[in-house]
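Undergrad: Please find one structure pasted underneath; my questions will follow.
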Amino acid sequence: MTILVTGSTGTIGSQVLAHLQGRNVEVRALTRSPEKAQLPSGVTPVRGDLADVDAMRAALKDVSTLFLLAPNVADELTQAMLALTVAREAGVKGIVYLSVFMGEAYADVPHFAGKFTVERMIEALDLPTTILRPAYFIQNDLRQKDPLLKFGAYGAPIGAKGVSMVDIRDIGEAAAIELVRREQAGAPLSRETYALVGPDGLTGEGIAAIWSAALGRSIRYGGDDLGVMEQRMKTMLPAWHALDLRLMFARYQTDGAVATAGDIAHLTKLLGRAPRPYAAFAKDAATQWANG
């Protein structure tokens, strides 16, 4: 039998595929363009996407375990719920679903609320699923290269409450571990939930200090202005997406998204090591930028 990875060519899906390498499992990768997909050796591309129900039915033939990553699109909730329905009808015995950290609390953030609704479906139907709840991705801050290097500023308006950002490599590894565990089990396993988080509650000022040390120059925090962020996002994203992200950062500023000691211990047990800290990422990025 086979593992099917959705979102396979994106930031997280590619990490999942990389961490499935060498684990003695058959892997398919769902992609809109199999002929163009750059996939690891041994991974079989399968044409389709979550919005195409018939393509999903075909892709799930002979699949026993599913990694479900729904894209951040306007109909994300519908796509995810229908994919779960098709997987259930296909007899898939194990699912790993990529949700979000704090989804149950951020009721006014569309993509958080949508993911938590999918979690409710999983619970209501008692689907054999591992729910992974990643915090804000550390590697999102690679986009801060120009503000950091040109203006000496860290520009993500995350505020002062703290966010336990997670390294995408830890997300990929956690997903791979759970996919293989469910794939190799003789029968469907009970539900599990993991917060995928980093070890630190990071603030805007704290991250600026980390970058100051990594770059060897003074870096300031750019502040909490969400209106400016939304307008900047609208130059790259649809207006609905820019507003969704503004609402997320607003909740970071008012409520934070800090992991508990229990969250970190649970993830540490799964990975067999502590999750990666932001400072290590910043140090590596600074070295790469200096050599680039």
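The values are calculated or read from the model by the stated rules, or taken from the named source; none is laboratory data. Everything quoted here is computed from the prediction, not taken from an experiment. With ideal geometry, Cβ positions are generated from the backbone for all residues, glycine too; neighbour counts draw on all protein chains shown. Side chains included, ligands, DNA and RNA excluded: accessible areas come from the protein's heavy atoms. Shrake-Rupley method; radii C 1.70, N 1.55, O 1.52, S 1.80 Å.
Undergrad: Can you list the residues, at least 5 places off or on another chain, whose amide H is less than 5 Å from the amide H of Val96, using H built in the peptide plane?
TA: When sequence neighbours closer than 5 places are left aside, the close amide H contacts are Leu66, Phe67, Leu68, Thr130.
Undergrad: In whole percent, how big is the carbon plus sulfur part of the accessible area of the chain, probe 1.4 Å, protein atoms only?
TA: 52
Undergrad: Which number gives the lysine pairs in the chain that have C-alpha atoms under 25 Å apart and are eight or more places apart or on different chains?
TA: Lysine pairs satisfying the spacing and distance rule in the chain number 13.
Undergrad: Does a label point 7 Å from the Cα of Thr235, set along Cα-to-beta-carbon, have any residues of the stretch 126-149 with amide nitrogen under 20 Å, and which are they?
TA: The answer is 140-149, whose backbone nitrogens lie closer than 20 Å to the label point.
Undergrad: Using only the Cα atoms of the stretch 107-263, what are the Rg and Dmax in Å?
TA: Computed over the Cα atoms of the stretch 107-263, radius of gyration and Dmax are 17.8, 56 Å.
Undergrad: Mind giving me the nanometre distance, one decimal, between the label points for Ala265 and Lys145, set 7 Å out from Cα along Cα→Cβ?
TA: If labels sit at Ala265 and Lys145, their model points lie 4.0 nm apart.
Undergrad: Follow-up. Computed FRET efficiency, Cβ-Cβ of Ala58 and Arg273, R0 45 Å: what is it to the nearest 0.05? If you can, show how the numbers build up before the last one.
TA: Numbers: r = 39 Å, r/R0 = 0.86.
So the FRET efficiency works out to roughly 0.70.
Undergrad: Follow-up question, since we're still on this one. Suppose all protein chains stay in the model; what accessible area per residue would a 1.4 Å probe give for the stretch 113-152, in Å²?
TA: 46
Undergrad: Go ahead and run the numbers for FRET between Glu192 and Glu26, Cβ-Cβ distance against an R0 of 22 Å, rounding to 0.05. Walk me through the numbers before you get to the answer.
TA: Numbers: r = 23 Å, r/R0 = 1.03.
So the FRET efficiency works out to roughly 0.45.
Undergrad: A further question follows. Going from the alpha-carbon gyration tensor of the chain, what semi-axes, largest first and in whole Å, does one get by taking the root of 5 times each eigenvalue? It would help to have the intermediate numbers written out before the result.
TA: Numbers: eigenvalues 213, 82, 72 Å².
Semi-axes, largest first: 33, 20, 19 Å.
Undergrad: With a point put 7 Å past each Cα toward its Cβ, work out how far Val73 is from Met1 in nm, to one decimal.
TA: Rounded to a tenth, the inter-label distance reads 2.8 nm.
Undergrad: Follow-up question, since we're still on this one. Could you do me a favour and compute the accessible area per residue for the stretch 203-246, 1.4 Å probe, result in Å²?
TA: 55
Undergrad: Across the stretch 274-279, in residue order, what do the Karplus-derived ³J(HN,Hα) couplings come to in whole Hz, using 6.51 cos²θ - 1.76 cosθ + 1.60 with θ = phi - 60° and x for Gly and Pro?
TA: 6, x, 6, x, 4, 4
Undergrad: Could you report the stretch 158-198's accessible area per residue, 1.4 Å probe, as an integer in Å²? Write down the numbers at each step before the final one.
TA: Details: 1280 Å² over 41 residues.
On a per-residue basis, the stretch 158-198 sits at 31 Å².
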